[in-house]
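Undergrad: Here you go, one structure.
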Amino acid sequence: MPRDNNAQRWQLETHRTDGNGLEIAFAGRWCLDQALPFPDALTTELTDSIDRLTFKTDLSSWDSGFLAYLFRLLKLCAEREIQVEQEGLPEGVRQLLAMGNAVPEQKIAGRESEKPLLFRVGSAMLDFLQDAPASLDFLGEIILAFGRLFTGKTRLRWGDLWWEIEEVGPRALLIVSVISFLVGLILAYLGADQLRMVGAQIFIADLVAIGMVREVGALMTGIIIAGRTGSAFAAKLGTMQVNEEIDALKTLGISPIDFLVLPRILALLLMVPLLTLYASFIGMLAGLMISVTIFDIGLFEYYNQTVSALELEHFMVGLIKGSVYGAMVAYSGCMRGMQCGRNATAVGEAATSAVVTGILLITISASILTILFYQIGI
């Protein structure tokens, strides 16, 4: 059945073979610059009586247009369960068709079957156990780096340290101010709701002051720094890992721990205690504003009650907790960044893991320190 008799263009003929077979003969130029036919035009000939398809070719030239035609034709045959014999096609066409059919189907993230809960818990525990040796090894490298720092043998660049201090300290004041003010406001309202039942609203000052200085100020600062700075540490170091900059430092004989990790840890150890004091002050200021404007407590009464409630040990507890939380955030952020893979997806996963690990370590540290200070009477 001829479809085009112009030898300079494509030609297609079909005819029945012995039995229930159909042979398709291709000739001429099968290129994209031609008005190629659609395989659907053969639908009327690919009937239920056809169970085998063969090819015969006498092509002067062909390109991807011919391949697209064949892919669609093979799909039609697969839908109708027609056996296709490709021996009559050019060798290059057969190879490209095989390569196209060999590409595995891409799996879209999030569409895999849900794993059982017990399986996911077990996988998480195995991942934790496998990650523990690497975490301890990284901790040991940090301790050795501090030893080199105290003995004057480190390759630390002090300019990087001052830049990191500016990045994690002054530039974090705005978000710390907003969160601390709102938390202090919440504490004031929470205390007032209970204390007014017994006519002791003046003790709002004690609740806000001690709560912010001992616990909430350090905890909120640690969580803010984990989300803001810990993820940034992991993303920056992870990007350097992808770009092979860390490998270049090792090639030059420069320790990445001394050159990249140590400045970031020192910056957080220095700045998080100061941010903790600042957050505590902003929280107490919020409690003062709410008490004076909403609950009719005198300004000087609130001030005197706050001063009488606070003791030096409260500030020491808050500073110690802030330092520990800062160390946990720096450790988790730098560790996840140094463990990052070699692609963009790994950088995002490292940043996410740094935040999760940092908040988890902060929570564990807060529990341990609270119990410890209670036991020793501080």
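Undergrad: Right, Gly238: crowded, with 24+ Cβ neighbours inside 10 Å, out of contact with any strand residue (DSSP E or B) (no Cβ under 8 Å at 6 or more places or on another chain) and touching a residue at least 12 places away in the same chain (Cβ under 8 Å) or not? Lay out the reasoning, then the answer.
TA: Values: crowded, with 24+ Cβ neighbours inside 10 Å: yes; out of contact with any strand residue (DSSP E or B) (no Cβ under 8 Å at 6 or more places or on another chain): yes; touching a residue at least 12 places away in the same chain (Cβ under 8 Å): yes.
Against the criterion (crowded, with 24+ Cβ neighbours inside 10 Å, out of contact with any strand residue (DSSP E or B) (no Cβ under 8 Å at 6 or more places or on another chain) and touching a residue at least 12 places away in the same chain (Cβ under 8 Å)), Gly238 qualifies.
Undergrad: Would you pick out the residues in region 97-125 that are assigned to a loop (DSSP other than H, G, I, E, B), modelled with pLDDT under 75 and exposed (fewer than 10 other Cβ atoms within 10 Å of the Cβ)?
TA: From region 97-125, those assigned to a loop (DSSP other than H, G, I, E, B) are 103-116; that's our starting set.
Now narrow it down to the ones that are modelled with pLDDT under 75: 103-115.
Within region 97-125, Val103, Pro104, Glu105, Gln106, Lys107, Ile108, Ala109, Gly110, Arg111, Glu112, Ser113, Glu114 meet the criteria.
Undergrad: Which one of the conditions (1) without any contact (Cβ under 8 Å) to a residue 12 or more places away in the chain; (2) buried (at least 22 other Cβ atoms within 10 Å of the Cβ) does Gly253 fail to meet, given that it meets all the rest?
TA: Unmet condition: (2).
Undergrad: Only one of Phe146, Phe233, Phe150 is within 17 Å of Met328 (Cα to Cα) and out of contact with any helix residue (DSSP H, G or I) (no Cβ under 6 Å at 6 or more places or on another chain). Can you tell me which? Don't jump to the end; show me each part of the working.
TA: On the way: Phe233 fails: out of contact with any helix residue (DSSP H, G or I) (no Cβ under 6 Å at 6 or more places or on another chain); Phe150 fails: within 17 Å of Met328 (Cα to Cα).
Residue meeting the stated conditions: Phe146.
Undergrad: Now a separate question. Quick check on this structure: which one of Phe138, Phe128 is at pLDDT 85 or above, farther than 30 Å from Asp51 by Cβ, not charged (D, E, K, R) and not in a loop (DSSP other than H, G, I, E, B)? Give the steps one after another, and end with the answer.
TA: Values: Phe128 fails: at pLDDT 85 or above.
Checking each option against the conditions leaves just Phe138.
Undergrad: Here's another thing I want to ask about it. Consider Ile175 carefully, then state whether it is surrounded by 11 or more Cβ atoms within 10 Å (Cβ to Cβ) and within 20 Å of Thr357 (Cβ to Cβ). Spell out the reasoning first.
TA: Numbers: surrounded by 11 or more Cβ atoms within 10 Å (Cβ to Cβ): yes; within 20 Å of Thr357 (Cβ to Cβ): no.
Spelling it out, it is not the case that Ile175 is surrounded by 11 or more Cβ atoms within 10 Å (Cβ to Cβ) and within 20 Å of Thr357 (Cβ to Cβ).
Undergrad: Just for strands (runs of 3 or more DSSP E) wholly inside region 1-85: which have at least 1 residues that are among the aromatic types (Phe, Trp, Tyr) and touching a Ser or Thr at 6+ places or on another chain (Cβ under 8 Å)?
TA: Details: elements: 11-16, 21-30, 52-62.
Passing ranges, in order: 21-30.
Undergrad: All but one of (1) free of Cβ contacts under 8 Å to residues at least 60 places away in the same chain; (2) surrounded by 15 or more Cβ atoms within 10 Å (Cβ to Cβ); (3) within 20 Å of Thr293 (Cα to Cα) hold for Ile224, so report the exception by its number.
TA: Evaluating Ile224 over (1) free of Cβ contacts under 8 Å to residues at least 60 places away in the same chain; (2) surrounded by 15 or more Cβ atoms within 10 Å (Cβ to Cβ); (3) within 20 Å of Thr293 (Cα to Cα) leaves (3) as the failure.
Undergrad: Residues that are under 28 Å from Leu266 (Cβ atoms): find the helices (runs of 4 or more DSSP H) completely inside region 285-378 holding 3 or more of those. Before the answer, list the steps.
TA: Working: elements: 299-309, 312-338, 344-375.
Where helices (runs of 4 or more DSSP H) fall fully within region 285-378 and carry at least 3 residues being under 28 Å from Leu266 (Cβ atoms), they are 312-338, 344-375.
Undergrad: Right, another one. So which residues in region 250-275 are hydroxyl-bearing (Ser, Thr, Tyr) and either touching a Gly at 6+ places or on another chain (Cβ under 6 Å) or in a loop (DSSP other than H, G, I, E, B) (or both), if there are any at all?
TA: Taking region 250-275 as the starting set, the residues that turn out to be hydroxyl-bearing (Ser, Thr, Tyr) are 251, 255.
Ser255, the sole residue that qualifies.
Undergrad: Sticking with this structure for a sec: Need at least 3 residues that are within 23 Å of the chain's Cα centre (by Cα) per element, so show me which helices (runs of 4 or more DSSP H) inside region 147-249 make the cut, counting only ones lying wholly within it. Quick ask: steps written out before the conclusion?
TA: Values: elements: 158-168, 173-195, 204-210, 217-225, 231-242.
It comes to 158-168, 217-225, 231-242.
Undergrad: Moving to a separate point now. Within region 38-61, identify whether any single residue is under 49 Å from the mean Cα position of the chain (by Cα), of a type outside the set (Ser, Thr, Tyr), outside the structural domain of Ser353 (by TED's automatic domain parsing) and modelled with pLDDT of 80 or more, and answer yes or no.
TA: The initial filter retains those residues of region 38-61 that are under 49 Å from the mean Cα position of the chain (by Cα), namely 38-40.
Now restrict to residues that are of a type outside the set (Ser, Thr, Tyr): 38-40.
From what is left, the residues that are outside the structural domain of Ser353 (by TED's automatic domain parsing) are 38-40.
Remaining after also requiring modelled with pLDDT of 80 or more: none.
Scanning region 38-61 turns up no residue that is under 49 Å from the mean Cα position of the chain (by Cα), of a type outside the set (Ser, Thr, Tyr), outside the structural domain of Ser353 (by TED's automatic domain parsing) and modelled with pLDDT of 80 or more.
Undergrad: Scan region 358-378 and tell me whether some residue there is at pLDDT below 90, on the phi > 0 side of the Ramachandran plot and exposed (fewer than 12 other Cβ atoms within 10 Å of the Cβ).
TA: Scanning region 358-378 turns up at least one residue that is at pLDDT below 90, on the phi > 0 side of the Ramachandran plot and exposed (fewer than 12 other Cβ atoms within 10 Å of the Cβ).
Undergrad: Filter region 9-26 down to residues that are over 17 Å from Asp58 (Cα atoms), surrounded by fewer than 15 Cβ atoms within 10 Å (Cβ to Cβ) and not basic (Lys, Arg) and give me whichever is modelled with the lowest pLDDT.
TA: Gly19
Undergrad: Of these, Leu285, Leu269, Leu361, which one is in contact (Cβ under 8 Å) with a residue 12 or more places away in the chain, over 28 Å from the mean Cα position of the chain (by Cα) and assigned by TED's automatic domain parsing to the domain that holds Ile223?
TA: Just a single option satisfies the conditions, and that option is Leu285.
The values are calculated or read from the model by the stated rules, or taken from the named source; none is laboratory data. Because the structure is a prediction, the values reported are computed rather than measured. Cβ atoms come from the backbone with ideal geometry, glycine included; neighbour counts cover every protein chain shown.
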